[in-house]
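J.: What follows is a single structure, and I will ask about it in a moment.
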Amino acid sequence: MQSFQLNERASTVPTVLSYTREDWQKGYNSLKEEFDYWIEDIEGEIPPELHGTLFRNGPGLLDINGQMIHHPFDGDGMICAITFDSGRAHFRNRFVRSEGYLAEQAAGRILYRGVFGTQKPGGWLANAFDFRLKNIANTNILYWGDKLLALWEAAEPHRLDPATLETIGLDRLDGVLKPGDAFAAHPWIDPACNQDDGAPCLVNFSIKPGLSSTITLFEFNPAGKLLRKHAHSVPGFAFIHDFVITPDYAIFFQNPVSFNPLPFLFGKSGPGECITFNPEKPTRIAVIPRAVGSKKDKKPDLAFETHAGFVFHHANAFQDGDEIVIDSVCYGSLPSVEAGADFRETAFERLAPGQLWRFRLNLTTQQVQRELLESQCCEFPYVHPAKAGRSHRYIYMGAADMAEGNAPLQAILKVDVESGERQLWSAAPQGYVSEPIFVPRSSAAFKDGLPTDTLVGAEDDGWLLTLVYNAAHERSEVVILDARNLHQQPVARLRLKHHVPYGLHGSFTPHCFINE
Ligand SMILES: [Fe+2]
């Protein structure tokens with residue numbers, strides 16, 4: 001594994017693409033219907049030991065009654081629940097009935113501006129100085145403390161009924177959040193928290209950007225009760241989507257970006273389009289101790305700097321002696337969202353690829369070293385849940401089919417960070433994958449419905465669950481892969497009766513909520 005500069009641009013444009021733009025675009029059609037059925041069109045066999053529910057979240061609507069939204073990140077959240085029980089699988093999808101979703105569906109038109117550039121009809125005059133946010137609940141979905149929560153980082157979670165996916169309403173986590181408070185869409189489950197005698201806990205954060213930005217860290221017990229909450233200030237504007245934990249620390253990458261609010265204020269673009277990447281500035285890394293100690297024995301926050309880059313998602317982190325090791329998908333530059341540009345016309349070949357990097361933060365010298373672990377374009381990294389915050393061997397990711405350059409995610413890539421071995425399962429040319437969720441084979445990997453830190457069998461002994469959009473049939477499939485060997489054919493392909501638009505994040509719980 002060699003160390004070299006982040007690719008600013010794809011160095012080579014392959015002459016033969018693994019996809020067509022027309023096929024890829026079709027996966028961004030809205031799914032307006034809501035379904036509820038046992039999946040019958042199955043190739044292969046669903047493992048009878050696979051028991052539980054895969055929840056997924058993502059934009060279900062890419063238009064409001066024919067008015068196109070500007071970017072998928074502005075799309076209303078739609079939850080899919082795929083329940084596995086005794087070799088059968090059930091599919092259900094429901095939109096989150098957010099206040100904005102209900103209002104726009106009733107009006108039949110766009111009523112809100114979006115963070116990523118969706119504007120109300122009527123030009124800038126109709127949009128200027130309208131700062132209302134539509135909580136679109138479209139980024140992640142989590143079952144914790146007997147609550148199913150749809151997450152969107154800029155506002156409170158929405159609570160849903162896990163059996164029916166009906167929206168119960170905004171959930172402020174028993175008063176932890178105030179109206180309008182942010183709550184990130186990237187929680188971690190620490191499978192054995194050393195502050196809680198080895199009990200699992202949920203760790204998440206919120207960010208309040210400004211001239212200096214405030215990161216608030218939250219930790220909850222399995223019943224959903226707040227254990228710890230503390231706020232930390234970092235200098236400058238911070239746009240932080242994801243973070244990582246170790247048993248002792250929470251780590252945040254502050255990408256070198258700046259924010260000019262004027263185009264947003266004057267109705268010309270969304271706030272997400274007002275962020276610019278500063279390649280001449282370093283990435284700042286904030287390392288925040290998780291423990292709430294007395295002032296006397298509390299460890300200070302630490303700050304590190306490394307090369308400019310842009311990280312949306314981290315795979316994992318762990319402590320190794322006096323180092324913290326962090327594996328992350330890093331871009332050489334922020335893919336900008338140009339005002340007026342149609343995301344369906346994305347020129348992938350002009351974008352920097354996301355690549356898997358390892359960062360080593362030395363707590364003694366405060367130096368950062370980095371090395372490239374995997375150069376193939378990748379996103380949505382995932383590790384065994386027992387390994388959250390602990391040293392891992394395998395990382396699973398969505399990846400491009402092609403070895404070089406940026407391209408749609410069409411493959412699942414497994415990287416062995418110990419040996420450097422890699423395995424790729426590709427759905428190209430007409431399949432487009434989503435985040436792969438690793439589910440351990442043994443039910444003993446879960447205790448009281450939550451992951452433990454004990455491996456049962458090998459670290460890759462389990463399945464990868466991913467939703468694949470098949471452009472040939474314009475439908476989606478739930479694909480089950482044996483994580484031990486991605487070179488094999490899938491264990492099963494569960495063909496849905498319809499497509500599911502490309503989603504964002506999901507989670508698996510060993511609970512089954514439906515009774516039939
Ligand atoms: Fe994310």
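The values are calculated or read from the model by the stated rules, or taken from the named source; none is laboratory data. These figures come from a predicted structure and were not determined experimentally. Glycine gets a Cβ as well: all are built from the backbone with ideal geometry, and neighbour counts include every protein chain shown.
J.: Go through (1) assigned to a loop (DSSP other than H, G, I, E, B); (2) more than 16 Å from the ligand (Cβ to nearest atom); (3) closer than 13 Å to I437 by Cβ and name the single condition G503 misses.
T.: Going through the list (1) assigned to a loop (DSSP other than H, G, I, E, B); (2) more than 16 Å from the ligand (Cβ to nearest atom); (3) closer than 13 Å to I437 by Cβ, G503 breaks only (2).
J.: Based on what the data block shows, is V292 β-branched (V, I, T), modelled with pLDDT under 95 and either crowded, with 17+ Cβ neighbours inside 10 Å or touching a Lys or Arg at 6+ places or on another chain (Cβ under 8 Å) (or both)?
T.: Here the answer is yes, as V292 does meet what is asked.
J.: Out of H392, H384, I need the residue that is in contact (Cβ under 8 Å) with a residue 24 or more places away in the chain, surrounded by fewer than 24 Cβ atoms within 10 Å (Cβ to Cβ) and of a type outside the set (G, A, S). Which one?
T.: Among H392, H384, only H392 is in contact (Cβ under 8 Å) with a residue 24 or more places away in the chain, surrounded by fewer than 24 Cβ atoms within 10 Å (Cβ to Cβ) and of a type outside the set (G, A, S).
J.: Between a residue in the range 169-187 that is at positive phi and any residue that is within 16 Å of the ligand (Cβ to nearest atom) and part of a loop (DSSP other than H, G, I, E, B), which pairs come within a Cβ distance under 7 Å, given they are 6 or more apart or on different chains?
T.: Listed pairs, sorted by first residue: G180/A155.
J.: Just the residues that are farther than 25 Å from Y143 by Cα and surrounded by fewer than 21 Cβ atoms within 10 Å (Cβ to Cβ), please, taken from the range 472-492.
T.: Within the range 472-492, A472, H473, E474, R475, R484, N485, H487, Q488, Q489, V491 meet the criteria.
J.: Additional query: Of all residues in the range 223-233, which are part of a strand (DSSP E or B), in contact (Cβ under 8 Å) with a residue 60 or more places away in the chain and not charged (D, E, K, R)?
T.: Within the range 223-233, H230, H232 meet the criteria.
J.: Then there's this: For W463, all conditions in the list (1) over 18 Å from T83 (Cβ atoms); (2) not in a loop (DSSP other than H, G, I, E, B) hold save one; what is the number of the exception?
T.: Here W463 meets the rest and fails (1).
J.: Have a look at A128, A154, A163, A182 and point out the one that is surrounded by fewer than 21 Cβ atoms within 10 Å (Cβ to Cβ), over 16 Å from the mean Cα position of the chain (by Cα) and within 16 Å of the ligand (Cβ to nearest atom).
T.: From the options A128, A154, A163, A182, the qualifying one is A182.
J.: Restrict the check to the range 167-178 and report whether at least one residue is modelled with pLDDT under 95 and surrounded by 15 or more Cβ atoms within 10 Å (Cβ to Cβ). Walk me through it before giving the result.
T.: Of the range 167-178, the ones modelled with pLDDT under 95 are none.
For the range 167-178, residues modelled with pLDDT under 95 and surrounded by 15 or more Cβ atoms within 10 Å (Cβ to Cβ): absent.
J.: Might you let me know whether the range 285-302 holds any residue that is assigned to a loop (DSSP other than H, G, I, E, B), away from the ligand (no atom under 16 Å from the Cβ) and of a type in the set (S, T, Y)?
T.: The answer is yes; a qualifying residue exists.
J.: Next question, about the same structure. Can you tell me which residues in the range 221-247 are away from the ligand (no atom under 16 Å from the Cβ), of a type in the set (D, E, K, R) and surrounded by 16 or more Cβ atoms within 10 Å (Cβ to Cβ)?
T.: Matches in the range 221-247: R228 only.
J.: Sticking with this one: Looking only at the range 214-235, how many residues end up being farther than 15 Å from W144 by Cα and more than 22 Å from the chain's Cα centre (by Cα)?
T.: Qualifying residue count for the region: 8.
J.: Any residue at all in the range 268-276 that's more than 23 Å from the chain's Cα centre (by Cα) and more than 16 Å from the ligand (Cβ to nearest atom)?
T.: yes
J.: All but one of (1) hydrophobic (A, V, I, L, M, F, W, C); (2) within 16 Å of the ligand (Cβ to nearest atom); (3) under 28 Å from K26 (Cα atoms) hold for A341; which doesn't?
T.: Tallying (1) hydrophobic (A, V, I, L, M, F, W, C); (2) within 16 Å of the ligand (Cβ to nearest atom); (3) under 28 Å from K26 (Cα atoms), A341 fails exactly one: (2).
J.: Could you please give the count of residues in the range 196-212 that are at pLDDT 95 or above and either polar (S, T, N, Q) or within 14 Å of the ligand (Cβ to nearest atom) (or both)?
T.: Counting residues in the range 196-212 that are at pLDDT 95 or above and either polar (S, T, N, Q) or within 14 Å of the ligand (Cβ to nearest atom) (or both) gives 4.
J.: Would it be correct to say that S206 is part of a strand (DSSP E or B), farther than 30 Å from T454 by Cα, out of contact with any His (no Cβ under 9 Å at 6 or more places or on another chain) and not aliphatic (A, V, I, L, M)?
T.: No.
J.: If you scan the range 131-151, which residues turn out to be within 16 Å of the ligand (Cβ to nearest atom) and among the hydrophobic types (A, V, I, L, M, F, W, C)?
T.: I136, A137, I141, L142, L149, A150, L151 - these are the residues of the range 131-151 that are within 16 Å of the ligand (Cβ to nearest atom) and among the hydrophobic types (A, V, I, L, M, F, W, C).
J.: Now a separate question. Search the range 304-335 for residues being in a loop (DSSP other than H, G, I, E, B) and not small (G, A, S), and hand back the single one that is surrounded by the most Cβ atoms within 10 Å (Cβ to Cβ).
T.: Step one: list which residues in the range 304-335 are in a loop (DSSP other than H, G, I, E, B), which gives 307-309, 321-322, 332-335.
Subset that is not small (G, A, S): 307, 322, 334-335.
Values: H307: 16, D322: 10, L334: 20, P335: 15.
Only one residue fits best here, namely L334.
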